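Enquirer: Before we start, here is the structure in question, set down as structure tokens.
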């Protein structure tokens, strides 16, 4: 058959015909361009996602030094991705969360596997390194990213597939690739006192002075909210109580507040006497 620009093409041909329609396009010119989802996931589809997702957005963290300047981004997996997607109004892509409709469950579980709702690839690790050596040494083994590439090729959605090496964070203990993942965390809103702390820092007679104006001062100037939650190490116990069903929780902020809550517990019959 002939393509729209006159070249002969037979289904199954390795070399796909193409036509250069325009050159010298800037990233800003592509902003807002919509595209079709390559691997549809019916369980994750929502009217908001269809309307606002699957379009080109801009980000100042993407360069042409380490690639083409065009990358795929996902709000759930990476700090830069999250910020850029949030600024552009891109919704999360995930499985409906009954307790929090605005924050659906990610398509990758905490073991590093696609959730079962993902067609064809549900239950598979997203990184080949997560599999055991026994599994990866099997002759017929194919990593998930390769299987996805082959699927796109079979569906005639991939123009070209090739290996590309780039820097990626790895765990210093296991030497396996790190998977970015959204987690509920508790924070101290340190940023609310940022300006006041900077003012007080300037009243301290630092010895040497460069400590206050340099390392510590710069740290205060770039202060972020303090993440208290930890999932892998023992740390400072958090004064947070939660009911077994997870419907109610309270964070105790002072000894006085603790005393008041204990009195309530005694009155409700949950405790025999104050501690």
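Enquirer: Provide the gained length on full extension for the span residue 120 to residue 103, in nm with one decimal, where the gain is 0.36 nm per separating residue minus the Cα-Cα distance. Provide the component values of the computation, followed by the final result.
Expert: On the way: separation 17, 0.36 × 17 = 6.12 nm, distance 2.43 nm.
Using 0.36 nm per residue and subtracting the Cα-Cα distance, I get 3.7 nm.
Enquirer: Something else about it: Provide the gained length on full extension for the span residue 156 to residue 70, in nm with one decimal, where the gain is 0.36 nm per separating residue minus the Cα-Cα distance. Display every interim value, and only then the final one.
Expert: Details: separation 86, 0.36 × 86 = 30.96 nm, distance 2.06 nm.
Length gained, residue 156 through residue 70: 28.9 nm.
Enquirer: Using a simple spin-label model with points 7 Å from Cα along the Cα→Cβ vector, what separation in nm is obtained for residue 263 and residue 213?
Expert: 5.2 nm
Enquirer: Just grab the label-to-label distance for residue 10 and residue 176, each label 7 Å out from Cα along the Cβ direction, in nm (one decimal).
Expert: Using points 7 Å along Cα→Cβ, the separation is 4.6 nm.
Enquirer: For the range 183-237, what is the convex hull volume of its Cα atoms per residue in Å³? Write out the running numbers ahead of the final one.
Expert: Numbers: hull volume 6.4 nm³, N = 55.
Hull volume over Cα atoms, normalised by residue count, gives 116 Å³.
Enquirer: Round to the nearest 0.05 the FRET efficiency obtained for residue 145 and residue 190 when R0 = 35 Å and r is the Cβ-Cβ distance. Could the numbers behind the result be given before it?
Expert: Numbers: r = 39 Å, r/R0 = 1.10.
Calculated transfer efficiency: 0.35.
Enquirer: Calculate how steeply helix 79-88 sits against the longest principal axis of the alpha-carbon atoms of the chain, using the helix alpha-carbon long axis, and give the answer as 0 to 90 degrees to the nearest 10.
Expert: That works out to roughly 80 degrees.
Enquirer: Follow-up. Tilt of helix 144-154 relative to the longest C-alpha principal axis of the chain, in degrees (0 to 90, nearest 10)?
Expert: 30 degrees
Enquirer: Let me ask something else. I need the per residue convex hull volume for the range 33-140, using only the alpha carbons, in cubic angstrom as a whole number. Please list the in-between numbers first.
Expert: Numbers: hull volume 16.2 nm³, N = 108.
With only Cα atoms used, the range 33-140 gives 150 Å³ per residue.
Enquirer: If I build a Gaussian network model for the chain, linking alpha-carbon pairs within less than 10 angstrom, which residue out of 32, 89, 217 has the largest mean-square fluctuation?
Expert: 217
Enquirer: To the nearest µm²/s, what D does Stokes-Einstein give for the range 90-129 at 37 °C and 0.692 mPa s, using the Kirkwood radius over alpha carbon pairs as Rh? Before the final figure, lay out the partial values.
Expert: On the way: Rh = 10.8 Å.
Calculated translational D: 304 µm²/s.
Enquirer: Moving on to the next point. Multiplying the sequence separation of residue 38 and residue 224 by 0.36 nm and subtracting their Cα-Cα distance, what value in nm do you get?
Expert: Working: separation 186, 0.36 × 186 = 66.96 nm, distance 3.66 nm.
My answer for the length gained is 63.3 nm.
Enquirer: Identify which of 194, 207, 52 has the largest mean-square fluctuation in a Gaussian network model of the chain, with springs joining Cα atoms closer than 10 Å.
Expert: 207
Enquirer: If the chain were replaced by its equivalent ellipsoid, with semi-axes equal to the square roots of 5 times the Cα gyration tensor eigenvalues, what would those be, largest first, whole Å? Present the calculation step by step, with values, prior to reporting the outcome.
Expert: On the way: eigenvalues 428, 155, 85 Å².
They are 46, 28, 21 Å, listed from largest to smallest.
Enquirer: Another question, if that's okay. Evaluate 2.2 N^0.38 Å with N set to the residue count of the range 191-275, then give the Cα radius of gyration divided by it. Let's see the in-between values first.
Expert: Values: Rg = 19.9 Å, N = 85, 2.2 N^0.38 = 11.9 Å.
Ratio of Cα Rg to 2.2 N^0.38 Å: 1.67.
Enquirer: In a solvent-free Debye calculation with one equal scatterer on each Cα, what is log10 I(q)/I(0) for the range 110-150 at q = 0.31 Å⁻¹, listed in the order of the q values?
Expert: Debye intensities relative to I(0), on a log10 scale: -1.16.
Enquirer: Same structure, new question: Could you work out the helix-only [θ] at 222 nm for the chain, with each DSSP H run of four or more residues adding -39,500 (n - 2.57) and the total divided by the number of residues, to the nearest 500 deg cm²/dmol?
Expert: Calculated at 222 nm, the ellipticity per residue is -6500 deg cm²/dmol.
Enquirer: Report the far tail of the P(r) of the range 92-248, meaning the percent of Cα-Cα pairs longer than 20 Å.
Expert: 72 percent
Enquirer: In a GNM of the chain with a 10 Å cut-off on Cα contacts, which of 149, 229, 198 has the highest mean-square fluctuation?
Expert: Fluctuation is largest for 198.
Here, each number is a calculation from the coordinates, and none is a lab measurement. If you're wondering where the values come from, they're calculated on a predicted model, not measured in any experiment. No Cβ is skipped: glycine too gets one built from the backbone with ideal geometry, and neighbour counts run over all protein chains shown.
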